[in-house]
Structure formats: structure tokens, C-alpha cells
Amino acid sequence: MDVIKEKLKLLPDNPGVYIMLDKYGNVIYVGKARVLKNRVRQYFHNTPKPEKVMKMVENICDFNYIITNSEIDALALENNLIKKYKPKYNILLKDDKTYPYIKIDMRDEYPNFSITRKIRKDGCKYFGPYMGGINCKDILDTLQLTFCIRLCHTKITGNKRECLNYHIGRCLAPCAGKTNREEYVSRVKKAISFLDGNYKEAETLLKNKMFYAAENENFELALDYKTKLEMLSKLESKRITALNRDIDADIIAYASNNLYSAVNILVTRKGIMQGGNSFALDEAHMSDGEALTSFITQYYQNHEIPAEIILEEFCEKELLQNYFKERFDKNVEITATKQGDKLKLLLMARKNAQEFLEKSVDKIKHKDDMTINACKRLQELLSLKAYPRRIECYDISNISGVDKVGSMVVFIDGEADRSSYRRFRIKTVEGANDFASLQEVLTRRLDKLKTEEEKFPMPDLIIIDGGKGQLSSVEKIFQEKGVTDIELVSLAKREEEIFTLNSSESVKIPHRDYSLKMVQRIRDEAHRFAITYFRNIHSKRNLSSVLSEIDGIGKVRRMALLDKFGTLDGIMNADINAIAEIDGISLALAAKIKTYLQENL
């Protein structure tokens, strides 16, 4: 603590980011400050603090700081450092799931409709996000069924052969010159009106088609129209009739019990409730406003930034508005509402957040047992020198020495960090020699400690899938490289016993112990990742071999087919027109490929 006391005296008055470290030098918390001196000193004053903050302070043995030009720069840097270090006591959104949008390529003379999860400034129109049980594919299918717009990416030349969609009344076939631009664009405008929430025309058209199909005893088609009408009813029910104007906003509410917290986001577009999502947070912020700000900056790295965000009163309104303007060149209205329809929406989100928090507390505690507490327990049971925060596990996969691959999976505080996973093609080993393959993989991995430690940080613990033999083979590499700061163990599958370098006897952990379950989870993930990579390589090699037997399919066309369809099943199940979309493959050659595969496989 003497080191900390001396550093506290030297803190500047500037804005910046502070980085808290534990006794092992691990980054356990990153925070931003308008005035570094004031903020960092608060942690070490004898004043009341949130329980989570008090737990964190107990583990602080040192801190660093970085001065920035402004608090906005500090907020951006904080976000980047949280991604980099994944600190134990920060909000870290694990769910990077983005929601689907419908994209209309208005740059095309005959615009096509498709589904995307990324919005770009490219001249296209985007509608969404679609969440809460609404399936984008169903909406596209309804648009095609109702307005005959095209979903394909075929280049319009006017001289192609019309596809099946034209013959069953789902497309006007501009690619075959069956319609003119004026007629097609009028259909596109009607489809856009539908996506804007004007469902009446579509509803009328679908009802007429349903009745016509039923009268002609085409009951299967009539049932399809009925399903689409039910989806329209579901979409209509999401319209917020209480709003006196259309509203494009995200509503974000926060709930806390002083130890854990939760956030609920409701998404409205053009007065229609698109859906919502809740997140359980586990952070050590000094205030709810800071916690909310940290969540928002992470969330909008992967999601559409709306024109307006409706927030709690304690939000850092001005900071967030300036942040969106400076970092994303987006004017976002931050509304800390106190009355009216917007308050009703905020209360709805707050109720969802509170309910989610109440249901999530036991899950969060169980998660702690399965992750952080399991790491602490493992340190104790295996007599590890340090808390195993970063754990790496390695596995080898091959069949009879063919297509040998290795996998590396990474777990931080007991949770998978998939962005850090790595795959290895075995280059120097002949035949099925798992020991030598492990040695090659670990040699390549440990070399990264000298050349790319920023991208490949030093692990606290390495787990090898196998028994004493595998452990000994990797230990030789550790000795050759002079590695002494990384713990090394192996997990033998039959008895689920752990071998260490500290004893000739294995460590047997009770099967119900969370620490063993965590190690098994890590080992199984390494095995899954290796097998997936092996199958991918093996199937592509077999696919390439089969395709080479077809006259007219050379290396370039083989690679194009591999890139587009990936597997033989992918090609066999594909429509001939889809195969013919590849440059250099005609309809005749596409038919030849399908026929050959069906007859010979």
C-alpha cells in the first residue's frame, strides 16, 4: 500500500484512464475520469462504497494511468482497454449478437432485397432491427409473395432465362426482360411502404390470394397465405398506439441491488416496438451513471445507433452526446425523460430490467461458482503459484496421420474467450504422432511470447489433453524454451485425473467439484475446436478431389465452388441457377455438376 500512497500524491488533474492491478500484475479494472486525481483517490478513502467496489479495492496492489486530451477520449480509451484486458470487475458484454435488418440496394436499376446484420453508409436502405420473434426471412417471403420483388443477386442483363420464381408468380423476372424498370420500381415503393409499417395493401392482396387459392382447392398455398396474414397481425400488434408521433429510439433502463445490476433495452422504430433485450452486469463502478455509460459505449460498438436514446435521469447525458458526435459523427438526442409517453416506455424497460435482475441473481452466483471461484479452487487443489486467470488448452486431431491439426482455446476467469482461439496446421510431423504434433504446436505458441506478446499474452496455465506422455513431451519444449513462469498440467480422459509437474501422482478431483467441471469444459472445447477444423479441411480436400473428376471443372472453378458452397451436400442441395451464378459456369455445366454428384455419391 505504500506504493499506492506515493502514487496517489502524484496523480494529475487531467482527464484520463486508470488501470487497477492485482498482486500478480493482472488488470482487474479499467475506469475513466474527468479528473484523475479526484476519481482514483476516491477508491482509497474511508467512505461508503458499493459492495462490488469494496471487493475490488481489497485486491488492488498497484495502479497505472494514462492522460488523455478530454473525457471523451478517456471514454473511448476505456472501452478499448476493456476489450484488450477483459478485466474481472468491468462490464464486458459477451453477447455480440447483432440483429438482422432488411437491406434494399437502391444503387441497382432493379433493387434487390436481402438480409444483413451490418449497416453501412452505402446508399442502400435498411429496415429493422427485427427482434422479439419476428423472422426476417418470413418478412422477405411475404414481400416476394405480395409484391414480386427479387431476392437474388443476379446481374440484370435482360437476356437470362427466367427462374422458377417467375413461373410461380413470385418475381417479375427483370433478369429475363419480362418487366420494365417503371413497373418494377413501383413494386419496390410498395414494398418500402410495407416495411415502413403500412400493412393494409399487403393484407388486402394476401387475403384475395388466399381466397382465390382456396376456391381453386390449392389448400397448401392458401395455408401459406394464412400464415403470412398471421405474421402481419403480429407486426401490427407491435405498434405503440399511445405515442402521439412516430418515434425512432432505444429505451435503456437500469436496475441494481448494490451487488449486481441489469440493463433492459427496448427498440422502437417508426412507432413500432421491434423488441427488446436484457443484460446482466457484474461491474465495480462507483456510480450507476458510470455503469450505464460503460454499457452504452460497448453496446453500440455492434448495434445500430438510433436518432434518440431514452435514458435514466442519472445518465451522463452531455458526455454521451459528445461521444457519439465525435466518435461516430452521429447526432444522438439523449433524453432523460420525466413525463409523457417516453416516461411510460422507460418505466416499461425499468420493469423488465428489475424482473430480469431478480431472475438472474442465482444464475450470476452459479456462474461465479463455475468460473472465478472454480479458478480459485483449482489454484488451491493443484498448488499453482498464481491464480490461473488466463488458461489455454491444446488438442490434436487427425485420421491415420492425415490432415493433422491442432487447436488452442483460451478461457479468461473461467469463461471462453473465443476471439483468442487459434488453429494450427501441423507442418513438420510425419504420420499419426500426437506427441510430436503437440511439441510443434507448443513450440510455435511459445515463440509468440517473444515476438507477438501483445496479441498472444502469456497464459497463467496451459492444459494438455492427454496423460503423462503428452505432459512429458510438452515439458521438454518448456525446458528448451526456458519457460518457467507458466504452469503446465494435463487431463487424462479415462479417469479424469490431472497430472502436474510437481508430483508423480495424479490429482483426482471429485466429479461434482466445480473446478474439475471447468477443466473438463475447457478440454472438451479444445477437442470440439480441433475436430471442427479437421473436418473442414478434410471435407474440402475430398470435395476438391471429387470435383476434379468432372470435365470442365478446373482449379479456378473448383475454388469458386468451394468458396460458395463449402461442402458436397451444399452443392447437391443447391439450385442449378445458384450454381450457374458462379463466373464461368453455364446452366448446362451446372446441370452436369449436379447430375455427376447425384449419380456418383
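The values are calculated or read from the model by the stated rules, or taken from the named source; none is laboratory data. No experiment lies behind these values; they were computed from the predicted model shown. Backbone-built Cβ (ideal geometry, glycine too); neighbour counts: all protein chains shown. Quick note on the areas: whole protein, heavy atoms, side chains included, nothing else; ligands and nucleic acids left out. Shrake-Rupley method; radii C 1.70, N 1.55, O 1.52, S 1.80 Å.
Points to keep in mind about this one:
- Any hit, segment 259-278, residues being on the phi > 0 side of the Ramachandran plot, open to solvent by less than 30 Å² (accessible area, probe 1.4 Å) and more than 19 Å from the chain's Cα centre (by Cα): yes
- Some residue of segment 143-154 being open to solvent by 70 Å² or more (accessible area, probe 1.4 Å) and under 21 Å from the mean Cα position of the chain (by Cα): no
- Test for Ile91: is it at pLDDT below 90, under 25 Å from the mean Cα position of the chain (by Cα), of a type in the set (A, V, I, L, M, F, W, C) and open to solvent by 70 Å² or more (accessible area, probe 1.4 Å): no
- Scanning segment 213-230 for residues that are assigned to a loop (DSSP other than H, G, I, E, B) and within 17 Å of Arg170 (Cα to Cα) gives a single hit, Asn218.
- Scan of segment 234-266 for residues that are in a strand (DSSP E or B), modelled with pLDDT under 90 and not small (Gly, Ala, Ser), ordered by number: Arg239
- Tally, over segment 572-593, of residues that are part of a helix (DSSP H, G or I) and at pLDDT 80 or above: 12
- Remark: pairs (first residue in segment 179-203, without any contact (Cβ under 8 Å) to a residue 12 or more places away in the chain; second residue in a helix (DSSP H, G or I) and acidic (Asp, Glu); Cβ separation under 9 Å; 6+ apart in sequence or on different chains) = Ser193/Glu201.
- Residue within segment 18-31 that is at pLDDT 90 or above and among the charged types (D, E, K, R) present: no
- If you go through segment 502-531 and keep only what is open to solvent by less than 70 Å² (accessible area, probe 1.4 Å) and not hydrophobic (A, V, I, L, M, F, W, C), you end up with Ser503, Ser506, Asp513, Ser515, Gln520, Arg523, Glu525.
- Segment 299-320, residues that are assigned to a helix (DSSP H, G or I), surrounded by 17 or more Cβ atoms within 10 Å (Cβ to Cβ) and either among the aromatic types (Phe, Trp, Tyr) or more than 26 Å from the chain's Cα centre (by Cα) (or both): Tyr299, Lys317, Leu319
- Residues satisfying the stated conditions in segment 61-112, i.e. among the acidic types (Asp, Glu) and under 13 Å from Val30 (Cα atoms): Asp62, Glu78
- Residue identified as open to solvent by 30 Å² or more (accessible area, probe 1.4 Å) and not basic (Lys, Arg) among Leu205, Leu195: Leu205
- Test: Ile477 is out of contact with any Gly (no Cβ under 6 Å at 6 or more places or on another chain) and surrounded by 18 or more Cβ atoms within 10 Å (Cβ to Cβ): yes
- In this structure, Gly31 qualifies as small (Gly, Ala, Ser) and under 24 Å from Ala280 (Cα atoms).
- The residues of segment 28-65 that are among the aliphatic types (A, V, I, L, M), touching a residue at least 12 places away in the same chain (Cβ under 8 Å) and more than 22 Å from Phe328 (Cβ to Cβ), listed by number, are Ile28, Ala33, Val35, Leu36, Val40, Val53, Met56, Val57, Ile60.
- In segment 68-88, the residues that are touching a Ser or Thr at 6+ places or on another chain (Cβ under 8 Å), open to solvent by less than 40 Å² (accessible area, probe 1.4 Å) and not polar (S, T, N, Q): Ala74, Leu75, Ala76, Glu78, Ile82
- Residue match in segment 400-423 (condition: more than 24 Å from Leu378 (Cβ to Cβ) and crowded, with 22+ Cβ neighbours inside 10 Å): yes
- Selection count where residues are outside any helix (DSSP H, G or I) and open to solvent by 90 Å² or more (accessible area, probe 1.4 Å), scope segment 328-372: 5
- Residue that is nearest to Met408 (Cα to Cα) [pool: residues in segment 458-474 that are polar (S, T, N, Q) and open to solvent by 20 Å² or more (accessible area, probe 1.4 Å)]: Gln470
- Residues (within 33 Å of the chain's Cα centre (by Cα), in a strand (DSSP E or B) and of a type outside the set (A, V, I, L, M)) located in segment 488-525: Ser490
- For segment 13-67, the strands (runs of 3 or more DSSP E) that sit wholly inside it and include 1 or more residues that are open to solvent by less than 10 Å² (accessible area, probe 1.4 Å) and among the β-branched types (Val, Ile, Thr) are 16-21, 27-33.
- Positions within segment 128-142 being touching a helix residue (DSSP H, G or I) at 6+ places or on another chain (Cβ under 9 Å), outside any loop (DSSP other than H, G, I, E, B) and surrounded by fewer than 22 Cβ atoms within 10 Å (Cβ to Cβ), in sequence order: Asp138, Asp141
- Among the numbered conditions (1) in a loop (DSSP other than H, G, I, E, B); (2) in contact (Cβ under 8 Å) with a residue 24 or more places away in the chain; (3) crowded, with 17+ Cβ neighbours inside 10 Å; (4) not small (Gly, Ala, Ser), the only one that Glu109 does not meet is (3).
- In segment 490-501 there is no residue that is among the small types (Gly, Ala, Ser), more than 24 Å from Asp368 (Cα to Cα) and open to solvent by 30 Å² or more (accessible area, probe 1.4 Å).
- Just one of the numbered conditions (1) open to solvent by 40 Å² or more (accessible area, probe 1.4 Å); (2) farther than 15 Å from Val489 by Cα; (3) at pLDDT 90 or above; (4) touching a Ser or Thr at 6+ places or on another chain (Cβ under 9 Å) is not true of Glu380: (2).
- Scope segment 245-258; condition open to solvent by less than 30 Å² (accessible area, probe 1.4 Å) and out of contact with any Asp or Glu (no Cβ under 8 Å at 6 or more places or on another chain); matching residues: Ile251, Ala255
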